[in-house]
Amino acid sequence: MKTIAITVKGKVQGVGFRYFVMRHANEIGVNGFVRNLPNGDVYIEASGTNSQLEQLVFLCNQGPAHSNVENVQVKDIQQSFDIIGFRILG
């Protein structure tokens, strides 16, 4: 298992982005969370196999219908959560 932090920039708040990520993460089988940041970005921490995480990053680059993803930053991190499943935090 690997854990990554994803920061998504662009028009990603107020368009259902967190719900989009949560739905797909749960379908893929990724554990973690997604939350809005005060600066308008969306932040995700996700834990899974390389294949699962690559799929999640691909989906983050697409985003839901009314979003406009400008940039997706991904970095490897140490797991900072103990969550089974995937949820929205704030």
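The values are calculated or read from the model by the stated rules, or taken from the named source; none is laboratory data. Because the structure is a prediction, the values reported are computed rather than measured. Neighbour counts are summed over all protein chains in view; Cβ atoms, including those assigned to glycine, are modelled from backbone coordinates with ideal geometry. Accessible surface is based on the protein model in full, side chains and every heavy atom, while ligands, DNA and RNA are left aside. Shrake-Rupley method; radii C 1.70, N 1.55, O 1.52, S 1.80 Å.
Among bridges DSSP assigns within region 14-90, what percent are antiparallel (round to 5)?
Within region 14-90, antiparallel bridges account for around 65 percent of the total.
On a 0 to 90 degree scale, rounded to 10, what angle separates helix 17-28 from the longest Cα axis of the chain?
Roughly 30 degrees, rounded to the nearest 10.
Accessible area per residue, 1.4 Å probe, Å², for the chain: what's the number?
55
So what is Rg over Rh here for region 24-73, counting just Cα atoms and using Kirkwood for Rh?
For region 24-73, the value is 0.95.
I'd like the distance separating the alpha-carbon centroids of region 1-45 and region 48-88, in whole Å.
Value for the Cα centre distance between the two parts: 6 Å.
Under the Karplus relation 6.51 cos²θ - 1.76 cosθ + 1.60, θ = phi - 60°, what is the ordered set of whole-Hz ³J(HN,Hα) values for region 2-10, x standing for Gly and Pro?
Taking θ as phi minus 60°, the curve returns 10, 10, 10, 10, 10, 10, 10, 10, x Hz for region 2-10.
So which chymotrypsin sites (Phe, Trp or Tyr not before Pro) in the chain are both in a DSSP loop and have at most 16 other Cβ atoms within 10 Å of their Cβ?
Phe81
Along each of the three principal axes of the Cα atoms of the chain, give the extent in whole Å, ordering the values from largest to smallest.
Largest to smallest, the principal-axis extents are 31, 23, 20 Å.
Rank Gly63, Gly14, Gly32 by mean-square fluctuation in a GNM of the chain with C-alpha springs under 10 angstrom and give only the top-ranked residue.
Gly14
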